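The values are calculated or read from the model by the stated rules, or taken from the named source; none is laboratory data. Predicted model, so just to flag it, every value in this text is computed and none were measured. No Cβ is skipped: glycine too gets one built from the backbone with ideal geometry, and neighbour counts run over all protein chains shown. Surface accessibility is based on the protein's heavy atoms, side chains included, excluding ligands, DNA and RNA. Shrake-Rupley method; radii C 1.70, N 1.55, O 1.52, S 1.80 Å.
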Amino acid sequence: MEFLTELFGLNGKVAIVTGSSRGIGKEVAISLAKAGADIALIARNEEDLNEVAREIEKHGRKALSVPMDLLNINEMEDKIKKIHTHFGKIDILVNNAGINIPKPALEVTEEDWDKVLDINLKSVFFLCKTVAKYMIPNNEGKIINMSSQMAFVGYYKRAAYSSSKGGLLQLTKSLAIEWSKYNINVNSIAPTFIETPMTKPMFEDKAFLEEVLNRIPLGRLGKIEDLFGAVIYLSSSSSDMVTGHTVMVDGGWTVW
Ligand SMILES: NC(=O)c1ccc[n+]([C@@H]2O[C@H](COP(=O)([O-])OP(=O)(O)OC[C@H]3O[C@@H](n4cnc5c(N)ncnc54)[C@H](O)[C@@H]3O)[C@@H](O)[C@H]2O)c1
């Protein structure tokens, strides 16, 4: 057990997790706390964040709710400063918040396109930039971007989403190179379909569920727990020599 703690333990670390009011972000935040980190929670709904914070505190870690809309880039400076003042440092940033507006390409409006790209890509860049300013003086940092298998493959009704997640991979690589001199590792995770509030309505269509399952060699949808190992690995010192990389948690979808 001591050996595992040495490899993957996050005691004394401070992590920010965006989109942590529900779904993947919520459970990932709790998993990081179980591995030893204190957590700053970012999403829009303060009540939901407070509930997650209470759960984290049950595991003996500190949690801070920081309600914000990631579309408001000009609020980031103040919010991140507040987190830094509260915890004294920031070691890990998990850019998990994201949206999908699945529509056939011919029906995608300019508003749909901008919303998906603004949240999934633009806000991630500006949050990375804001947080890096606090990581650089410590000469240490871990940034993890929640991309998607849709960054690697095309799919129906995913023109904007795939573009945003593909862009996120390129952002990951660019920041990995620029910030390696500050000892900041920047990596991504690319999950397949995971059962969350985002995807639940999609799977009410049984034909869609069957089509998706046929494309996953491991024969099932992903569970949020399938992501914990990748997040903790990329947050821990075990991944110190890994940067600009994407961990596929796709059950083999992209292997075809
Ligand atoms: N669920 C999947 O199948 C799946 C697969 C691959 C990748 N992903 C990615 O994983 C991430 C989480 O997905 P999920 O399924 O848990 O989604 P979800 O819809 O259940 O949760 C998304 C979270 O992001 C937050 N968020 C959205 N817009 C925001 C904004 N403007 N400001 C602040 N917070 C905002 C929401 O409040 C929520 O907390 C997303 O980036 C998604 O693209 C999900």
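Values for this structure:
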item: Helix runs (DSSP H) in the chain reaching 15 Å along axis by Cα, Kyte-Doolittle at least 1.0; result: 123-135
item: Fraction of accessible area attributable to carbon and sulfur, the chain (%, probe 1.4 Å); result: 52
item: Between segment 181-244 and segment 67-144, the Cα center-to-center distance that results, in Å; result: 19
item: Unit charges at the beta carbon, dipole of the chain: most positive-side option, 7, 231, 144; result: 7
item: For the chain, accessible area per residue (1.4 Å probe, heavy atoms of protein chains only), Å²; result: 49
item: Over 28 Å (Cα to Cα) - which of 62/200; 58/142; 142/223; 122/200; 89/115 fall in this group; result: 62/200; 89/115
item: Nearby aspartates and glutamates by direct alpha-carbon distance to residue 173 (threshold 15 angstrom, same-chain neighbours under 8 apart not counted); result: none
item: Counting all C-alpha pairs of segment 12-58, share separated by more than 12 Å (%); result: 51
item: Residue of 98, 19, 219 that the Gaussian network model of the chain assigns the largest fluctuation, springs spanning Cα pairs under 10 Å; result: 219
item: Projected label distance in nm at residue 203 and residue 54, using a 7 Å step from Cα toward the beta-carbon; result: 2.7
item: Directionally averaged shadow of segment 50-104, computed from the convex hull of its alpha-carbon atoms, nm²; result: 5.5
